[in-house]
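The values are calculated or read from the model by the stated rules, or taken from the named source; none is laboratory data. Being a predicted model, the structure only gives us computed values, none of them experimental. No Cβ is skipped: glycine too gets one built from the backbone with ideal geometry, and neighbour counts run over all protein chains shown.
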Amino acid sequence: MLRLSTKGQYGVRALYEIAKGYPEKPVTIREISERQGVSVSYLEQILNRLRKAGFIKSIKGPGGGYVLNKGPEEISIASVIQELEGPVAITSCLDPEEGCIRVDHCVTHLLWKSLGEQIESFLKTVTLKTLLSGELQRGIPTYNANFKLSSEKNANNTYDYRRSEAF
């Protein structure tokens, strides 16, 4: 089973809460904690890392909190996961720190590498704006790593998903 750590999960959820206030309303750590059910002390660690990476900035004083450093459309989920978790490595043999002595003759190495690349490519197409819009909840069709999906409302007031230029 592939599993993202709580650091990555909570980091994305915290950025989602901060993005809801973009561009004008700072969000406090207590608000994020209450809305997402995450302890303040754990959020402090995650938000500090996201701040150092340039995703967010903190505003001190009354009415302060956290705000995005750039627009929600500019922050991909892949970049957040990369910062908090490191590269997508679904098996230990793909982890740059661990490596694998069987890589040259392993029948599954290319399978796991390809799967990891597909996951990473998909996460690059999903931004905080995507999460805010609810686009994923409407159901995105099968993902093709060679194309970035875009959507527009049609005359029937439903969403058409189509492939746009390769990224």
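Restricting to the stretch 1-39, name every residue that is within 19 Å of residue 74 (Cα to Cα), of a type in the set (Gly, Ala, Ser) and in a loop (DSSP other than H, G, I, E, B). Selection gives 21 alone.
The residues of the stretch 111-128 that are within 14 Å of the chain's Cα centre (by Cα) and of a type outside the set (Phe, Trp, Tyr), listed by number, are 119, 120, 121, 123, 124, 125, 126, 127, 128.
I'd like to know if the stretch 97-118 contains one or more residues that are part of a loop (DSSP other than H, G, I, E, B), at pLDDT below 90 and touching a strand residue (DSSP E or B) at 6+ places or on another chain (Cβ under 8 Å).
Filtering the stretch 97-118 down to residues part of a loop (DSSP other than H, G, I, E, B) leaves 97-102, 106-108.
Next cut, at pLDDT below 90 only: 97-102, 106-108.
Adding the requirement that they be touching a strand residue (DSSP E or B) at 6+ places or on another chain (Cβ under 8 Å) leaves none.
Checking the stretch 97-118: not a single residue is part of a loop (DSSP other than H, G, I, E, B), at pLDDT below 90 and touching a strand residue (DSSP E or B) at 6+ places or on another chain (Cβ under 8 Å).
Quick grid of which residues meet (1) assigned by TED's automatic domain parsing to the domain that holds residue 17; (2) under 25 Å from residue 120 (Cβ atoms); (3) of a type in the set (D, E, K, R):
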site: 56; (1), (2), (3): yes, yes, no
site: 60; (1), (2), (3): yes, no, yes
site: 67; (1), (2), (3): yes, no, no
site: 79; (1), (2), (3): yes, yes, no
site: 102; (1), (2), (3): yes, yes, yes
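Exactly one residue out of 38, 12, 67 is closer than 23 Å to residue 130 by Cα, surrounded by 15 or more Cβ atoms within 10 Å (Cβ to Cβ) and without any contact (Cβ under 8 Å) to a residue 40 or more places away in the chain, and it is 38.
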